[in-house]
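Every number here is computed from the coordinates shown, using simple stated rules; none is lab data. In this text the structure is predicted, and so the values were computed from the model without any measurement. Note that we place each Cβ from the backbone using ideal geometry, even for glycine, and neighbour counts take in every protein chain shown.
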Amino acid sequence: MHEVGIMESAMALVQRHADEQRATCVHRVVLKVGALSGVEPDSLRFAFEVVTRGTRAERAELVIDLVPALIFCGACRTEFPGDRGAIFTCPHCGDLCGEIRSGRELELSRIEMS
Amino acid sequence: MCVDCGCGKSIPFGVKVLSVLAPGLLRGKPATGAGAPDQGVQTVTPAPHSPLTVEVHASLLAKNDGAAARNRARFVERRMLALNLVSSPGAGKTTLLSRTVDEFGREHRCAVVVGDLETDNDARRLHRPHVPVAQITTGSACHLDADMVARGVEALDLDGVRVMFIENVGNLVCPASFDLGEAVRVVLLSATEGEDKPLKYPPIFKSAHVVLLTKVDVAGLLGFDCQLAIENIRRVAPQATLIPLSARSGEGLSVWYDYLRQRLLPT
Ligand SMILES: Nc1nc2c(ncn2[C@@H]2O[C@H](COP(=O)(O)OP(=O)(O)OP(=O)(O)O)[C@@H](O)[C@H]2O)c(=O)[nH]1
Ligand SMILES: [Mg+2]
Ligand SMILES: [Zn+2]
C-alpha cells in the first residue's frame with residue numbers, strides 16, 4: 001500500500017500552500033484519482049485521516065474526483081470507456097491494443113482554506 | 001497485493017549492500033517524509049476570514065518523477081543500461097537474474113539493486129564476487145520508488161558496470177505508477193500464472209518495453225497455453241519485445257542476452 005506516501009506528498013503541498021496563504025484552517029482538499037492509477041480511494045481516505053491528524057487540515061473534507069479510464073482505439077480512431085472489467089476491448093473492432101488516454105491521473109486539484 | 005501498513009509514518013526502508021568491493025551496511029535510514037506534522041498552526045499574521053480556494057493541479061507523483069529523472073540522467077552519464085524488472089511474486093525475477101549475471105555478466109559487468117518487503121534472501125542469492133548487489137528492504141511499501149533506487153545505486157561500486165538490474169517488489173499494480181529512471185521496463189509473466197494476466201493488469205503491460213514469458217519449461221506440465229498467453233501479451237502490449245524463456249532449461253536465454261547487448265549504451 002502506497003496511499004500513505006501519496007497522501008504525504010499531497011499534504012506537503014497543502015501545507016506549503018496554506019503557509020503561503022497564511023491560512024489557519026484547511027476546509028477541503030480535492031484530489032483527482034484515475035481508475036488506473038493503482039490507488040484505492042478507500043485507502044486514500046484512511047491515509048488522509050492519519051496524515052492530517054494534529055494539523056490545520058485535521059477537520060478538512062477530502063473530496064476524491066474519480067477519473068474513469070478512457071481508451072483510444074488506433075484502428076477505429078475512437079475513444080471508449082475502459083470500464084468493462086479490466087479488459088480494454090474495443091467495442092467496435094475487438095482490438096485490445098488501445099492507448100490509455102485518461103485514467104492514470106493522480107493529482108492535487110484544489111485546496112479550500114481560510 | 002499491497003501490504004496494508006496503516007502506520008501513518010513515512011515508510012522506512014533500509015539499504016544493505018552485498019558486495020566484495022563495497023561491503024558495508026546502511027540499514028534503517030528513514031525516508032525523508034514529506035508529511036511532517038504541521039508546526040505552524042499559529043501563524044503570525046491573522047488569516048483572512050473569507051474562504052480561499054487555490055487551484056493547484058500538481059501531480060502527486062512529481063517528487064518520484066523528479067528523482068527518477070535524476071536517476072535516468074545519472075545512468076546515462078555513466079553509460080549504464082538500467083532495467084526495472086516487474087512481476088507478480090515468484091514469477092522468476094531472481095532466478096533469471098542469477099543466471100543472467102553468471103552468463104551474460106561474464107561478458108559485461110552487471111550490478112543489481114533488489115527490493116523486497118523484508119528479507120535479504122534475494123540479495124544473497126544474487127551475490128557473486130563480480131556482481132555488486134544492494135538490497136533495499138521496503139518495509140511495507142509494495143514497490144520501489146526512485147529515491148530508494150538512488151540510495152541503493154549510490155551504495156554500490158559502479159566501476160565498469162554496464163548494466164544495472166533493478167528487481168522490483170513482486171506486484172503488478174503499484175510499480176506501474178513509479179518510474180525508477182530505468183531505460184527498459186521488463187515485465188515477467190510466468191507459466192505458473194494465468195494466461196489472462198495481461199488482460200487483468202493492462203497498465204503495467206502497456207508500460208513494458210520487454211515482456212518475458214518465464215518458466216516455459218513447465219508450461220506443458222501445467223497445461224499452460226503459451227500461444228494464448230503470447231496472443232494476450234501481443235494484444236495488450238504490441239509495443240513490447242516478447243521473449244519466452246526458461247531460466248531453468250536455458251531456452252530463450254540467448255535471445256534475452258542478445259536483447260541486452262543491443263541495448264547497451266556505447267561508451
Ligand atoms: N520450472 C521453473 N521454475 C522456475 C524458473 N524460474 C524460477 N523458478 C522457480 O520459481 C520460484 C520463484 O522464483 P524467484 O526467482 O524467486 O521469483 P521472484 O520473481 O524473484 O520472486 P519474488 O522476488 O518473491 O517476487 C522458485 O522456486 C524458482 O525455482 C524457471 O525458469 N522454471
Ligand atoms: Mg526475487
Ligand atoms: Zn477499434
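The figures follow:
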item	result
Distance between modelled label sites at A:Leu66 and B:Cys226, nm, 7 Å Cα→Cβ extension	4.1
Ratio Rg/Rh, restricted to the protein assembly as shown and using Cα atoms, in which Rh is the Kirkwood radius	1.01
Convex hull of Cα atoms in the stretch B:194-244, direction-averaged projection (nm²)	3.1
All-pairs alpha carbon distance profile, the stretch B:80-263, 5 Å steps from 0, percent	1, 9, 18, 22, 22, 16, 9, 3, 1, 0
Longest to shortest principal axis, alpha-carbon extents of the stretch A:36-103, angstrom	53, 17, 13
Karplus 3J(HN,Hα) series, Hz, for the stretch A:12-28 with 6.51 cos²θ - 1.76 cosθ + 1.60 (x for Gly, Pro)	4, 5, 4, 4, 5, 5, 5, 4, 4, 8, 6, 7, 9, 9, 9, 9, 8
Percent of alpha-carbon pairs separated by more than 23 Å within chain A	41
For B:247-256, mean number of other protein chain Cβ atoms within 10 Å	0
Extension reserve of the B:Arg261-B:His57 stretch, reckoned as 0.36 nm per residue once the Cα distance is removed	69.3 nm
Degrees, to the nearest 10: A:41-52 long Cα axis against longest axis of chain A	20
